[in-house]
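Only one structure is covered here, and it is reproduced in the block below.
The values are calculated or read from the model by the stated rules, or taken from the named source; none is laboratory data. Computed from a predicted structure; not experimentally measured. Neighbour counts are summed over all protein chains in view; Cβ atoms, including those assigned to glycine, are modelled from backbone coordinates with ideal geometry.
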Amino acid sequence: MPPLYRAPRGTRDLLPDDRPYWDRVENAARCISTRYGFQKIDTPTFENTGLFIRGVGEGTDIVEKEMYTFQDKGDNSITLRSEGTAPVMRAYLQNGMQGLPQPVKLFYLASIFRYDRPQAGRYREHKQFGVEAIGETDPLLDAEIITLASDFYKTLGLSRIYLQLNNIGCPKCRPIFLKKLIEYYQNHKDELCGDCKRRLVTNPLRLFDCKVESCQELIAQAPKITDSLCEECRTHFDTLQSALQAYKVPFTLNPTLVRGLDYYTKTVFEFWTEGIGAQNALGGGGRYDGLAESLGGRNAPGIGFGLGLDRVILTMQEQEIEVDQPPPPGAFLITLGDAAREYRPLLLRSLRDAGIRVANIYGKRSMKAQMRQANTSGTPFTLILGDRELEKGQIACRNMETGEQTEIRLDQVIPYLKPNT
Ligand SMILES: [Zn+2]
Ligand SMILES: [Zn+2]
């Protein structure tokens with residue numbers, strides 16, 4: 001026998017039992033995005049690899065270690081969508097959206113593919129709800145985006161979600177800060193872990209991401225970017241904070257929050273929770289004023305976020321948030337005898353055409369076996385059609401709650417069920 005196949009490591013099936021959670025979360029995402037004036041965009045599942053290298057940046061974990069990249073049969077280097085923002089920006093530039101009233105506000109529900117170490121709520125294919133607002137620098141837009149994300153969690157009934165906020169500067173002030181940071185770390189080089197020694201050379205801002213305890217102490221003493229912001233970044237940050245206060249969105253200033261992607265400028269934020277393992281970020285985002293240009297386009301500042309839905313659902317389950325279950329079918333059809341079996345498709349057709357959701361049984365089963373299945377199906381009515389009833393042009397209809405059974409004319413089944421189903 002051939003081996004039984006399993007889904008690749010780090011992937012999973014979303015089964016019908018999970019569906020009520022997914023419906024709830026995806027509907028909330030659609031509903032809130034629309035309320036804030038965002039329109040849905042779907043970009044391809046795969047892109048040219050260069051888009052992610054140029055967009056996300058070499059030296060980032062995504063580009064260095066986590067992309068699903070392959071040569072297609074035309075010898076093009078292709079990468080499965082490894083994050084949501086660069087593809088949306090590419091679509092914005094490619095489809096002439098710079099000619100539309102700005103900002104252009106887009107949202108997506110999409111799979112993200114990353115070759116990452118699988119852990120609780122973290123999959124190699126995971127679903128993200130993301131929004132991008134492109135073509136505007138106003139910090140009030142930043143506040144609106146963050147409020148939207150916060151509303152999303154709130155609508156789902158989640159509690160204990162903590163917004164972390166920072167400003168990581170712009171091309172004017174960040175280099176000055178990086179110089180200070182490198183100077184500081186040069187003096188502590190011997191105390192750094194192996195990864196951090198490498199980060200110091202390739203991507204010093206990522207030194208703040210280290211989880212090693214000895215490095216944590218160095219982080220605590222390190223210079224803070226918020227002390228080095230230029231006038232423009234400072235004003236932007238201050239305006240954003242007052243707007244969030246006005247929106248009544250609580251936040252914590254976190255001067256070591258940097259996010260793992262090169263394209264961020266000024267605002268960065270994450271939503272943290274507790275209880276889903278070492279990685280406690282549910283999602284986050286930031287401003288990316290230089291991204292369009294790094295993709296070869298004209299300047300188009302923007303801001304957005306990506307929220308991992310698998311982790312949102314895991315957190316909902318941990319917080320014991322209930323979701324609506326789909327209702328059972330309106331009726332369950334049982335047939336007895338060959339003539340009745342033969343008549344069944346005609347009856348099913350007319351019931352379904354009338355919009356009645358009806359379950360039925362395949363194969364030849366005894367009355368008892370069929371009744372047992374009808375009993376466990378949770379349908380309010382069971383229709384029982386035998387050869388004898390069919391001859392008289394009738395059908396038995398049992399109310400499963402009261403146990404009461406009535407014979408009705410076949411042509412009366414639809415009006416009989418309609419008011420009830
Ligand atoms: Zn600046
Ligand atoms: Zn370290």
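A few points about this structure:
- Test: residue in region 263-281 that is part of a loop (DSSP other than H, G, I, E, B), away from ligand 1 (no atom under 13 Å from the Cβ), surrounded by fewer than 14 Cβ atoms within 10 Å (Cβ to Cβ) and at pLDDT 95 or above: no
- Test: residue in region 221-244 that is free of Cβ contacts under 8 Å to residues at least 12 places away in the same chain and part of a loop (DSSP other than H, G, I, E, B): no
- Those strands (runs of 3 or more DSSP E) of region 26-81 in which at least 1 residues are in the same structural domain as Pro101 (by TED's automatic domain parsing), surrounded by fewer than 18 Cβ atoms within 10 Å (Cβ to Cβ) and free of Cβ contacts under 8 Å to residues at least 12 places away in the same chain, considering only elements entirely within it, cover 69-71.
- Under the condition of being of a type in the set (Gly, Ala, Ser) and more than 16 Å from ligand 2 (Cβ to nearest atom), the residues counted in region 213-236 number 1.
- Whichever residue in region 197-243 is surrounded by 13 or more Cβ atoms within 10 Å (Cβ to Cβ) and of a type in the set (Val, Ile, Thr) and, among such residues, is farthest from ligand 1 (Cβ to nearest atom): Val212
- When region 9-25 is filtered for residues that are farther than 15 Å from Gln128 by Cβ and outside any loop (DSSP other than H, G, I, E, B), the ones remaining, listed by number, are Arg19, Pro20, Tyr21, Asp23, Arg24.
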